[in-house]
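Working notes, beginning with the structure itself.
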Amino acid sequence: MKRLFSILFVATMLGMVFTSCGDEKDEPVVPTQKLESVYTAETDTHFTFDIDLNKDSSSIYLYNVVFTIGEAQSPAMNIRIDAPVTVDKSGKLYTYAGTNIIPYLLRGATPVPMPSMPVTNLMCNVDTKRKYYEMYFECHGGSFAANGDLK
């Protein structure tokens, strides 16, 4: 009887330890993800958020982006912005942030750095639970803001 009681006691204690370690709703943080914004045609402005928590920075790809500075508009271009990214405790909200980031113009096989047009005040949140993103940054005297749904 003592032995049965000891076994039940140990089993109960182990069960308590394992259930206190986490919640069945907890999900592990995914260190690498590639998420895309929702768009209709390849010619639409759209974004890819290439998250890699194993690196110092992760990339935001902007496709078919047109910047308006004053009354002038740039031609549509593809740009990559590399910035540090963090994740919240839930593992669902990724945040890119930084200033004085050199963007890369994506033209051909080799990205071209654009040090004369640094990105400043970058703030970008990617919410994998709600499947939503919002982004803001300043560049070359203008600002850029976008938000929308993720695939």
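The values are calculated or read from the model by the stated rules, or taken from the named source; none is laboratory data. Keep in mind that this is a model prediction, so the values were computed, not measured. All Cβ positions, even for glycine, are placed from backbone atoms using ideal geometry, and neighbour counts span all protein chains on display.
Data for the structure
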| read-out | value |
| --- | --- |
| Any hit, region 39-49, residues being within 19 Å of ARG107 (Cα to Cα), of a type in the set (Asp, Glu) and either at pLDDT below 85 or surrounded by fewer than 17 Cβ atoms within 10 Å (Cβ to Cβ) (or both) | yes |
| All positions within region 50-90 that are within 20 Å of LEU106 (Cα to Cα) and at pLDDT below 85 | PHE67, THR68, GLN73, SER74 |
| Region 75-125, subset hydroxyl-bearing (Ser, Thr, Tyr) and in contact with a strand residue (DSSP E or B) (Cβ under 8 Å, 6 or more places away or on another chain), residue surrounded by the most Cβ atoms within 10 Å (Cβ to Cβ) | TYR96 |
| Options LEU35, LEU53; residue that is farther than 19 Å from PHE137 by Cα, touching a residue at least 40 places away in the same chain (Cβ under 8 Å) and surrounded by 12 or more Cβ atoms within 10 Å (Cβ to Cβ) | LEU35 |
| Test: residue in region 133-142 that is within 16 Å of the chain's Cα centre (by Cα), at pLDDT 95 or above and surrounded by fewer than 16 Cβ atoms within 10 Å (Cβ to Cβ) | yes |
